[in-house]
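To keep things clear, I will list the structure first and then write my remarks on it.
The values are calculated or read from the model by the stated rules, or taken from the named source; none is laboratory data. Keep in mind that this is a model prediction, so the values were computed, not measured. Here Cβ is always computed from backbone atoms with ideal geometry, including for glycine, and neighbour counts include all displayed protein chains. In case anyone asks, the SASA skips ligands and DNA or RNA and just uses the protein heavy atoms, side chains included. Shrake-Rupley method; radii C 1.70, N 1.55, O 1.52, S 1.80 Å.
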Amino acid sequence: MPKLCGTVSSFYGGGMIAGQPIGTMIGSRMINNAQAGFIIGAVIMLASGFVALAIWPREEFSKDIERTKMTLKDLAVSCHFPKFSTSRDFYKAFGCRVCMLLSYQMISVYQLYIVEDYVHQTKTEAAGTIATMSIITMVVSLTASLISGPISDKMHTRARY
């Protein structure tokens, strides 16, 4: 399936892209009752973990593999970055992804304060504005994600580790 890596990656990214605005929309509905919002968020995260375990397919081949106990040293060794000389595409993708996520989060985190302080909306009005902006962001981001994966597959460009 290596020829579909970009498409699969775009669907994975699409799920992550959809999660942020959906969380923002739920949060904007709970703007005047933060405690209920935190409880709902915790319940959703807990439930999603159980749903993933319930529906995730089990690999047939993993039953026959002998399991070895992992030590802390083994874990530390497995978390190293690849060499730059052999993994330039990885570092390009990593750098671009970090910059994109950092810029997106900087705006997303302060959105409520920006709308309240500079647009001069009340907290409830600002929550509605942010919910609307989240829907627009989700639609545009999902569209870009679902288009870019197949384009990547056709161009045969992706990060190699």
Problem set entry | Ellipticity estimate at 222 nm from DSSP helix runs (n ≥ 4, -39,500 (n - 2.57)) divided over the chain, nearest 500 | -26000 deg cm²/dmol
Exercise. Ranked highest first by average number of other Cβ atoms within 10 Å, how do 20-29, 105-114, 92-101, 75-84 line up?
Worked result: 20-29, 105-114, 92-101, 75-84
For this session: With a probe of 1.4 Å, find how much accessible area the chain has per residue, and write the answer as a whole number in Å².
Result: 80
Exercise. What part of the accessible area of the chain, given as a whole %, is carbon or sulfur when the probe is 1.4 angstrom?
Worked result: 70
For this session: Send over the Kirkwood Rh of the chain, from the inverse of the averaged 1/r over different Cα pairs, rounded to one decimal Å.
Result: 19.4
